[in-house]
Every structure is written in C-alpha cells, then in structure tokens.
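Since the structure comes first, as structure tokens, the remarks are kept for the end.
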Amino acid sequence: MIMALSLALPQAHTSTALDVEFSNVSRTFTTKSESRAVLSDINLQIPAGQVVAILGASGCGKSTLLRAVSGLDQPSTGSIRTGKRNVDGINELCAVAFQEPRLLPWRSVRENIALGLAPGTSKADGAELIDELIELTGLSHATDLRPREISGGMAQRVSLARALARRPGVLLLDEPFGALDALTRLKMQDLLLSIHASFPTTILMVTHDVDEALTLADRVIVLGREGQDTAATVIKELSMSASHPRKHNEDQFIAHRAGLLRLLGVDPTNH
C-alpha cells in the first residue's frame, strides 16, 4: 500500500453520519414477458460512521441495493431506513458517486463541486465548504480547470468532493475507482480513508475488488445466490478489526482474502 497523499487535512467535522437499516428487502424486476428476482430478504444494520464494502458477482444486485438506499429505486418488498427516516422517494440524506465522474464539461472543477451543495446553502457557507473540500481532495491547483484538462484520478476526486458538498449522512460509492489504473486506484483508496477521517459519514461502497474491500472497509458484505435461479441475499458478513493502514502481507488479511475469493468462486492460489 502506498503512503497516503500528503494533504493538510482540515479538522474533522462534527459527524453527520447516519445509521442504515435494511428490513426484509427484496427486489423483483417485471417486464411484459418475465419477472426476475434480483434481491431477496436483505436484513442489515449498519451503524453510523461505518465503512461497508459490498462484494458479489456481476448481476447479483449490488448496485440495485445502493440505488434503493438513495431512493433511485424502490424495493418490491421490505423497507430501508436512514437515520430516523424511511426511504420513500429520492433520499436527500444520501449522496452518490459513480464509477464515471459524470462532470459537466463546460464547468470548472470548482463549479462542478458546487453542484453538490444542498438547496438553500448560503453563498458564504457554500464557498467556505467548497474551499475545504478542494483542500481535502488535493485540487487547489486545479480549481479553474475544465474536466477535459484533468486526469481520471483528479476527475474522481472532483466527483467525491461534489458528493460531500451535500454533507450527506450516507455516502454511496458504486465502484468509484473501477475505471482507474492500478496506481491511481491505490492513491484514491488512501484518499478515501483520509476523507472519512476528516469528514465523517457512513459509507456504503460497491466493489469487485476483494483487496480494496479488505483495505478500506470496517465490514464486508457478500451478496450471492444460494441456487442458480434464486435471488441474491447476504451470504457472508465479515468484520475487520485491524486498524488502518492495513498491510496486505499480514496473516489475517491473507486469510480473509483467500476466504472471500473462494466464496466468490475464485481459486486464491491463482491470484
């Protein structure tokens, strides 16, 4: 693991993190010709401030689960709660960062971050928060640049800063580093840990990368199907007790990695 980015991090905010609860959540997609059950009987309690990584094979409903928390999708049965509020429609307590940064090409880095500000934020408060996020994500040298003028890693930092500008109680990350090269991905993992330390929130992150999950998460959730034609459910929960930064050559890390790879149908001796 490379060293964390050398950033002068601001003092940590008072936590706005919210707990998340999934109660008997299932999701079935229905068309004129068929019904396809994707998720079944998801029951999870995620404490405020926890970093949770969600693993599973492609098509097992990981992104569907995140979309349900954000209110971009609705469970077919069951309910989801963030803080004291049941999710019913778009969840303004959440912010989402996707695999693609989805920046507006005609706006500067600073202007793209400003798009994340909550409605009603005063001009002064908004400017102060944006300055803090620019410093936190190491973008001070790029505030006036357009997306075409920055790297993929910098664009992803802008996406994270834009999401944090809402001061979300829950930050949802859908494979946020999946499109980055290996070295940039490691840097972004370190940056995410720094951000979480300075800007506390609850993080739910979808990833296909077992090492990434074990490096970042306090808890790893594995979704899987117990039969070929069944919907996915939680087949494994793993709590990580090791502090950060975590060394990939430690016995516990190696054992967890091998166990998760086998659970996902991959021979760890080949990886």
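The values are calculated or read from the model by the stated rules, or taken from the named source; none is laboratory data. On a predicted model such as this, the values are computed, not experimentally measured, just so you know. Reconstructed Cβ throughout: ideal geometry from the backbone, glycine too, with neighbour counts over all protein chains shown.
Annotations for the structure displayed:
- Only a single criterion out of (1) closer than 21 Å to residue 178 by Cβ; (2) under 18 Å from the mean Cα position of the chain (by Cα); (3) modelled with pLDDT under 95; (4) of a type outside the set (D, E, K, R) is not satisfied by residue 205, namely (3).
- Set 151, 159: member being crowded, with 22+ Cβ neighbours inside 10 Å, over 20 Å from residue 56 (Cα atoms) and hydroxyl-bearing (Ser, Thr, Tyr): 159
- Scanning the range 19-39 for residues that are part of a strand (DSSP E or B) and in contact (Cβ under 8 Å) with a residue 12 or more places away in the chain yields 20, 21, 22, 23, 24, 25, 26, 27, 28, 37, 38, 39.
- If only residues of the range 180-198 that are closer than 24 Å to residue 150 by Cα and in contact with a Pro (Cβ under 9 Å, 6 or more places away or on another chain) are counted, the one that is surrounded by the fewest Cβ atoms within 10 Å (Cβ to Cβ) is 193.
- Within the range 138-159, residues that are touching a residue at least 40 places away in the same chain (Cβ under 8 Å) sit with their Cβ atoms under 8 Å from residues that are among the charged types (D, E, K, R) and in a helix (DSSP H, G or I), at 6+ positions apart or across chains, in these pairs: 138/157.
- Filtered by the rule that a residue be touching a Lys or Arg at 6+ places or on another chain (Cβ under 9 Å) and more than 13 Å from residue 52 (Cβ to Cβ), the range 180-205 gives 180, 188, 191, 199.
- Count of the range 222-245 residues which are within 22 Å of residue 193 (Cα to Cα) and crowded, with 17+ Cβ neighbours inside 10 Å: 3
- Hits in the range 158-169 - residues which are touching a Gly at 6+ places or on another chain (Cβ under 8 Å) and outside any helix (DSSP H, G or I): 165, 166, 169
- Flag if residue 8 is part of a loop (DSSP other than H, G, I, E, B) and modelled with pLDDT under 90: yes
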